[in-house]
Amino acid sequence: MIAPRAHIAALSPYPLAQLHPRAGKPLIPLAQNESLRPPSPAALQAAAQTLQTGHLYPDPDCTALRQALADLHSVAMESILCGAGSMELIAALAQTFAGPRRAVLAPAHAYPFFRTAAYLAGAPFETASEENGRVSVDALLAAAGPNTGLVFVANPGNPTGTLISRAELARLREGLPKTVLLVIDEAYGEFADHIDAPLFDLVARGDTVVLRSFSKAYGLAGFRVGWGVFPPKIAQDLRKVILPNNVTAASQAAAHGAVLDQAYMRQTCALTIALREDLRQRLRAVGFTVGESFTNFLLIDFQTEGHARSANETLLAEGIILRPQGGVGLHASLRVTVGEAKALDHVARVLSGWHKETPQ
Ligand SMILES: *Cc1c(COP(=O)(O)O)cnc(C)c1O
């Protein structure tokens, strides 16, 4: 029998959202934190222009895109690396800096792909407890040991939606040994940029990476583009691991067009935040527990796992797909992406009805 390597055989396939439509109901997918509106027209136009040269390989260095990002964020272009989604960068970071004797550490309810990336690298995955759904720097520092190679923190967090301050992250960095690489995943950073400045300046220390994505605020999930700010030496090592020509020409062009249209992205964030706060208020008004969010989703906490399952069944019967969070230990929670107003209205109505009919 042909068997895969043991650490691959032990893995389950990465759990993606279950997007199966129910008979007769239009599908309302709110499970993947996609943007509530299509890409910027500037992004689409730029991508369309690349189709005629589809017989040519893309620019392996993503030069125009990296230059635009460097200009926008006032960082050196040499420190920027792009990936086919930030997931590619996360996987490459784990492959490069984690392994059997170099564990990956993350908060208890962290983005589940951190775990997958650790296991793909054959590395142990360890977690530190959180405090009221927020990353606890003290718990991370206490959990980091001599075998820790890599610490992943998503800020704002997914699925918690919570944010910790720049000062707290700087304290985490200060407290970790210099031999530990800290990766701060800011996939939702654009939704919180008005609260705290981005953390790109921490990268100059040489032991910290900050990741961003085009999948959320920029609305380019289908194009698969992520990027990050890296110490030059770490970027060089990662480039040995990442596949050459990883970001397609159309994707580079779309992302470049999107970066140049900041007004559109900012408007998406403002729209999203307004709808998010409206939904949160409506759900809280009928008795749901919905924590504060700094992202394009909300986390609804139910009394019990059974309540969450029952509510999810009711939503599924209406074609509404949310994301259960048992995979990260939040068995009584459902995550809802902030989609279009009409979809959220439907969610609020269905959940209110469920709440009325269900003993709490
Ligand atoms: C969505 C998400 C990503 C994945 O982003 P891609 O760029 O689409 O690969 C990474 N990190 C977190 C925390 C996310 O929620």
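Within the option set Val75, Val153, being assigned to a loop (DSSP other than H, G, I, E, B) and in contact with a strand residue (DSSP E or B) (Cβ under 7 Å, 6 or more places away or on another chain) holds for one residue only, Val75. Does Ala250 satisfy the criteria of being closer than 24 Å to Phe294 by Cβ and either at pLDDT 95 or above or within 16 Å of the ligand (Cβ to nearest atom) (or both)? Taking the combined requirement at face value, the residue does not satisfy it. With respect to the conditions (1) of a type outside the set (A, V, I, L, M, F, W, C); (2) surrounded by fewer than 24 Cβ atoms within 10 Å (Cβ to Cβ); (3) more than 28 Å from Ser333 (Cα to Cα); (4) at pLDDT 95 or above, Gly222 falls short on a single one, namely (3). From the list Phe113, Phe200, the lone residue that is of a type in the set (Phe, Trp, Tyr) and farther than 28 Å from Ile300 by Cβ is Phe200.
Every residue, every condition in (1) part of a loop (DSSP other than H, G, I, E, B); (2) surrounded by fewer than 18 Cβ atoms within 10 Å (Cβ to Cβ); (3) at pLDDT below 95; (4) within 15 Å of the ligand (Cβ to nearest atom), yes or no:
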position	(1), (2), (3), (4)
Ala64	no, yes, no, no
Gln67	no, yes, no, no
Asp71	no, yes, no, no
Ala92	no, no, no, yes
Thr96	no, no, no, no
Ala103	no, no, no, no
His109	yes, no, no, yes
Phe114	no, no, no, yes
Tyr119	no, no, no, no
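For residues that are away from the ligand (no atom under 12 Å from the Cβ), under 17 Å from the mean Cα position of the chain (by Cα) and either part of a loop (DSSP other than H, G, I, E, B) or at positive phi (or both), tally how many sit in the range 194-215. Going through the range 194-215 one residue at a time, the tally reaches 2. The residues listed here are Phe191, Phe152; of these, the one that is farther than 14 Å from Ala106 by Cα and either within 13 Å of the ligand (Cβ to nearest atom) or out of contact with any Ser or Thr (no Cβ under 7 Å at 6 or more places or on another chain) (or both) is Phe191. Only one of the numbered conditions (1) within 12 Å of the ligand (Cβ to nearest atom); (2) in a helix (DSSP H, G or I); (3) closer than 22 Å to Ser79 by Cα; (4) not hydrophobic (A, V, I, L, M, F, W, C) is not met by Tyr218, and that is (2).
The values are calculated or read from the model by the stated rules, or taken from the named source; none is laboratory data. As the structure is a computational prediction, the values presented were derived from the model and not from experiment. Neighbour counts run over all protein chains shown; Cβ positions are idealised from the backbone, glycine included.
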